[in-house]
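Derivation of every value follows stated rules applied to the coordinates shown; laboratory data play no part. For clarity, every value in this text was computed on a predicted model and none was experimentally measured. All Cβ positions, even for glycine, are placed from backbone atoms using ideal geometry, and neighbour counts span all protein chains on display.
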Amino acid sequence: MSKTMSKIADHRLLVIDDDTDICDLLQEIGQSCGYETATTTKITDFISTFTSFKPTIIILDLSIADRDGIEILRFLSNESCRSPIVMLSGYDEKVRATAFRLGQSYGLEMITHLQKPIDVTAIKNLLLKGKKEILSPTAERLAKAISDFEMVLHYQPKINIKTSKVVGVESLVRWKPAAYPIMLPDIFISLAEHTGLIKQLTYWVVKEAFQQWIKWKDKGFKVKISINLSPTMLNDLLLPDDLHTLAVQYKVDPTYICFEVTEAGVMSRPQLAMDILTRLRLKGFSLSIDDFGTGYSSLTELHRMPFSELKIDRSFTLNVFKEQEAWTIIRSIIELGHNLGLKVTAEGVETQEMWKKLKTSECDSAQGFFLCVPMAATDYEKWYGTHKPANYS
Ligand code: C2E
Ligand code: MG
Ligand code: MG
């Protein structure tokens, strides 16, 4: 059995327990705490639901019918699951503690193990605590997170559509408070922008990405890394010098670094942006227009900016099979980009169908969950080690 609510929420609880009454109770608790909740009673259902549902917290029964929860821990570890896991069991403390430690040794975020029967208040408190931390990060909490190294960078490859080879990776920042689910940038970037913390965060991201570039270079592969720059960073005339100084300090070749900025960011103050972007180019960095198609760019302004790449916003890619216009827009953007001398990347390639469709176009490269999800550097290395371009043709 697998029950889910249809609306996608920020807080998603996935339960596995072979007792349907317990599933119902946990579903009720989850929903009362504001979680979209999915319950499963079989391992196979859990595995398929996990992939589509992307839970932000998991409650796991240690024994499921004739099988055991350890199998699930192994599965979650293989999936590099970062969601916190609450273990629930009728077994005594010793068995629970052993399984709990095993989960930790698999690199999983085990938060606690609870004895059955269910303590409703304990579970509610856990869920509410996680949600509070996530829902309302304050400026103080974010500042502390940046200085306490709670930020992590994930990397998502960009893949050449003709050769299926990796042409670069995009760094994407995440916030991982200890024992809480990983937070995506949508939750904290605007807070960082409004509070001025964006500068501190951006420099953390840049230094982290530079260090990673050196680590990969030392391992024998030089990869082009793209770094997102908030539009608010384009107000600072010192930015090109600061980034250049960092590249020199970290011994990073700037031609391997691309800064992505959204068209809206560039267009709000075109002259200032032009000054900053041109100097970044002169210092050897490349530049990309991110989320293209969502703003109202003046093409005359845009084509004078020193970009080398244009990224088609994923809202178009995701709608290709729903709205006919989306494909027409994509093809027009590709043509426009090429006419302006830019490489064109399509974001949001979630399915093989979309990948195949893009192959019929002149688009240069693509990024998306179908090709590879964003992942931590070590996981990316493993993925890269097994990546066979032939599998994507
Ligand atoms: P973006 O730069 O356009 O990044 C691409 C986003 O699309 C990422 O979301 C990525 O996880 C997501 N994505 C990749 N493939 C697919 C797919 O197939 N389907 C769908 N639906 N989504 C896909 P993420 O990591 O949540 O980042 C969201 C935005 O946050 C980024 O959009 C970027 O604007 C911003 N961001 C991320 N990292 C940083 C950073 O270090 N600094 C700044 N200032 N902004 C950042
Ligand atoms: Mg980007
Ligand atoms: Mg984008």
Subtracting the Cα-Cα distance from 0.36 nm times the residue separation, let me have the gained length for residue 275 to residue 390 in nm, one decimal.
-> 37.1 nm
Residues in segment 61-93 that a label on residue 105 would reach, taking backbone N under 17 Å of a point 7 Å out along Cα→Cβ = 69-78
With the dipole of segment 187-234 worked out from charges on the C-beta (+1 for Lys and Arg, -1 for Asp and Glu) around the Cα centre, which of 221, 195, 210 lies farthest toward the positive end?
-> 221
Leading residue at positive end of dipole, segment 92-235 (Cβ point charges), from 102, 177, 138 = 102
Scan the chain and hand back the longest stretch that contains none of the GluC sites (Glu not before Pro) lying in DSSP loops with at most 15 other Cβ atoms within 10 Å.
-> 80-322
Taking the Cα centre of the chain as origin, work out the dipole magnitude from +1 charges on Lys and Arg Cβ and -1 charges on Asp and Glu Cβ, in debye rounded to 20.
-> 1100
Per principal axis, largest first, the Cα atoms of segment 5-135 extend in Å by 34, 29, 28
Under a plain spin-label model, where a point goes 7 Å from the Cα along Cα-to-Cβ, how far apart in nm are residue 193 and residue 379?
-> 2.7
Segment 298-322 to segment 150-168: how many Å between their Cα centroids?
-> 18
Assigned charges on the beta-carbon of Lys, Arg, Asp, Glu; segment 5-135 dipole about Cα centre (debye) = 520
State the three equivalent ellipsoid semi-axes of segment 279-318, derived from the C-alpha gyration tensor as the square roots of 5 times its eigenvalues, in descending order and whole Å.
-> 22, 13, 6
Normalising by the residue count of the chain, find the relative contact order in percent from Cα pairs under 8 Å and 6+ residues apart.
-> 11
Hey, with R₀ at 45 Å, roughly what FRET efficiency would residue 186 and residue 94 work out to, going by the Cβ-Cβ distance, to 0.05?
-> 0.60
Percent of alpha carbon pairs in segment 260-393 separated by more than 23 Å?
-> 40
For segment 251-333, what value does the Rg/Rh ratio take when both radii are computed over Cα atoms and Rh is the Kirkwood radius, given to two decimals?
-> 1.04
Determine the dipole magnitude for segment 242-296: charges of +1 sit on the beta-carbon of Lys and Arg, -1 on that of Asp and Glu, nothing else is charged, the reference point is the Cα centre, and the result goes in debye to the nearest 20.
-> 260
So what is the calculated 222 nm ellipticity per residue for the chain, using -39500 (n - 2.57) for each DSSP H run with n of 4 or more, over all residues, to the nearest 500 deg cm²/dmol?
-> -14000 deg cm²/dmol
In percent, how large is the relative contact order of segment 5-135, given Cα pairs closer than 8 Å and 6 or more residues apart?
-> 23
Quote the FRET efficiency, to the nearest 0.05, computed for residue 246 versus residue 78 with a Förster distance R0 of 41 Å and r equal to the Cβ-Cβ distance.
-> 0.70
Share of pairwise Cα separations in the chain, more than 26 Å, in percent | 58
For helix 324-339, report the angle its Cα long axis makes with the longest principal axis of the Cα atoms of the chain; keep it between 0 and 90° and round to the nearest 10°.
-> 40
Antiparallel %, DSSP beta bridges [both residues in segment 138-392], to 5 | 40
Within the chain, which is the longest segment containing none of the chymotrypsin sites (Phe, Trp or Tyr not before Pro) that sit in a DSSP loop and have at most 11 other Cβ atoms within 10 Å?
-> 1-148
Determine which lysines satisfy two conditions relative to residue 222: a Cα distance under 24 Å, and not lying fewer than 8 residues away in the same chain.
-> 158, 162, 165, 207, 251, 283, 311, 343, 382, 388
